[in-house]
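J.: Before I ask anything, here is the structure I am working with.
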Amino acid sequence: MISVKNIYKEFGALEVLKGVSLDIHKGEIVAIIGPSGSGKSTLLRCMNLLEKPSGGSIFIDGQDITQKKVDLMSVREKVGMVFQHFNLFPHMTVLGNMTYAPRKVKKVPPKQAEKKALQLLEQVGLSDKANVYPDTLSGGQKQRVAIARALAMDPEVILFDEPTSALDPEMVKEVLGVIKNLADTGITMVLVTHEMGFARELADRICFLDEGILVEDAPPDVFFSTPKSDRARVFLEKVL
């Protein structure tokens, strides 16, 4: 599904990713965790070319998306993204936000796009919000719309970049509930998260990054009970 091969990313003199490699299989749920500044979000953003890697390759369904001639639109049709700060268009209604990409990128007829959008809004518990604007929604509602918007493109994988970190504590649960329900559908998901309990419960694998290096890649029960590295042990002592 996704194969990350020896990825490096530099911002000027700062080396953020230092030769990260990992494979994510169809239907897997992978949680990427680690301290702030470890390169988690940068790695995620490289997976759909929001950040261009400085070195290495990323394969999606066997296609190296880091090659110069790659069609960015076709990559992003396959790889949906849910951002920390929602990134909804403020001048469009919820329905407008959800139907824009399917109509413009996939050329889905408007009525068909609207029908799919309304089904997805019902799935995330927001069927009554189709015609409102984002600024009338709570943070949790905005994030649920953002998740539904990503699903509207029928992606093969969804990347979540700290989807709850911008939310008030009481809204975190509703968004995690939507993600948990998504997991039951079998879609491939990669989550950067600080929610350790959620990662432990939901993920098939935990990838622990520190200072741009993939230090551990293990099932949750193994990682959280018997981490192999001193760095992971210190991290878990601080966050659990």
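J.: What is the residue count in the stretch 131-173 for residues that are in a helix (DSSP H, G or I), among the charged types (D, E, K, R), out of contact with any Pro (no Cβ under 9 Å at 6 or more places or on another chain) and surrounded by fewer than 16 Cβ atoms within 10 Å (Cβ to Cβ)?
T.: 2
J.: Looking at the structure I just gave you, is MET196 surrounded by 15 or more Cβ atoms within 10 Å (Cβ to Cβ) and within 24 Å of ALA101 (Cβ to Cβ)?
T.: So MET196 fails the test.
J.: Give me a count of the residues in the stretch 187-232 that are without any contact (Cβ under 8 Å) to a residue 24 or more places away in the chain and among the polar types (S, T, N, Q).
T.: Count: 3.
J.: Would you point out the residue of the stretch 22-43, among those that are hydroxyl-bearing (Ser, Thr, Tyr) and under 14 Å from SER165 (Cβ atoms), that is nearest to the chain's Cα centre (by Cα)?
T.: SER41
J.: From VAL124, VAL145, VAL172, VAL132, grab the single residue that is touching a Lys or Arg at 6+ places or on another chain (Cβ under 6 Å) and either within 22 Å of LEU95 (Cβ to Cβ) or of a type outside the set (Lys, Arg) (or both).
T.: None of the others qualify; the one that does is VAL124.
J.: Right, something else. Quick one: how many residues across the stretch 42-56 are crowded, with 20+ Cβ neighbours inside 10 Å and in a loop (DSSP other than H, G, I, E, B)? Working first, answer last.
T.: Kept after step one, since they are crowded, with 20+ Cβ neighbours inside 10 Å, are these residues of the stretch 42-56: 42-44, 46-48, 53.
Still in the running and in a loop (DSSP other than H, G, I, E, B): 47-48, 53.
Looking only at that region, the number is 3.
J.: Within the group ASP230, ASP154, which residue is farther than 13 Å from ILE33 by Cα and modelled with pLDDT of 95 or more?
T.: Result of the check over ASP230, ASP154: ASP230.
J.: Considering the stretch 206-221 alone, what residues qualify as being closer than 25 Å to PHE11 by Cα, among the acidic types (Asp, Glu) and in a strand (DSSP E or B)?
T.: Narrowing the stretch 206-221 to residues closer than 25 Å to PHE11 by Cα: 207-216.
Pick out the ones that are also among the acidic types (Asp, Glu) and you get 210-211, 216.
The answer is ASP210, GLU216.
J.: Being under 21 Å from LEU126 (Cβ atoms) and either surrounded by fewer than 20 Cβ atoms within 10 Å (Cβ to Cβ) or in contact with a Ser or Thr (Cβ under 8 Å, 6 or more places away or on another chain) (or both) is the filter here, so list the residues in the stretch 179-193 that pass it.
T.: Scanning the stretch 179-193 gives LYS180, ASN181, ALA183, ASP184, THR185, ILE187.
J.: Residues being closer than 23 Å to GLY80 by Cα and either small (Gly, Ala, Ser) or in a strand (DSSP E or B) (or both): count how many of those fall in the stretch 187-205.
T.: 8
J.: Pull up the stretch 203-212, narrow it to residues that are among the aliphatic types (A, V, I, L, M) and touching a Leu at 6+ places or on another chain (Cβ under 8 Å), then point me to the one that is nearest to PHE160 (Cα to Cα).
T.: ALA203
J.: Mind counting the residues in the stretch 24-41 that are buried (at least 20 other Cβ atoms within 10 Å of the Cβ) and in a loop (DSSP other than H, G, I, E, B)?
T.: Residues in the stretch 24-41 being buried (at least 20 other Cβ atoms within 10 Å of the Cβ) and in a loop (DSSP other than H, G, I, E, B): 3 in total.
J.: Something else now. I need the full set of residues from the stretch 1-23 which are part of a strand (DSSP E or B), at positive phi and either small (Gly, Ala, Ser) or surrounded by 17 or more Cβ atoms within 10 Å (Cβ to Cβ) (or both), in order please.
T.: GLY19
J.: So, in the stretch 57-104, exactly how many residues are in a helix (DSSP H, G or I), under 14 Å from ARG149 (Cβ atoms) and not aromatic (Phe, Trp, Tyr)?
T.: Residues that pass the stated criteria total 12.
J.: Exactly one condition in (1) under 25 Å from PRO110 (Cβ atoms); (2) aliphatic (A, V, I, L, M); (3) touching a residue at least 60 places away in the same chain (Cβ under 8 Å) is not met by LEU159; state its number.
T.: Against the list (1) under 25 Å from PRO110 (Cβ atoms); (2) aliphatic (A, V, I, L, M); (3) touching a residue at least 60 places away in the same chain (Cβ under 8 Å), LEU159 comes up short only on (1).
J.: Out of the stretch 47-65, which residues are free of Cβ contacts under 8 Å to residues at least 40 places away in the same chain and in contact with a Leu (Cβ under 8 Å, 6 or more places away or on another chain)?
T.: Residues satisfying the conditions are LEU49, ILE65.
The values are calculated or read from the model by the stated rules, or taken from the named source; none is laboratory data. Fair warning: this is a prediction, and the values are worked out from it, not measured in the lab. Methodologically, a virtual Cβ is constructed for each residue, glycine included, from the backbone with ideal geometry; neighbour enumeration extends over all protein chains shown.
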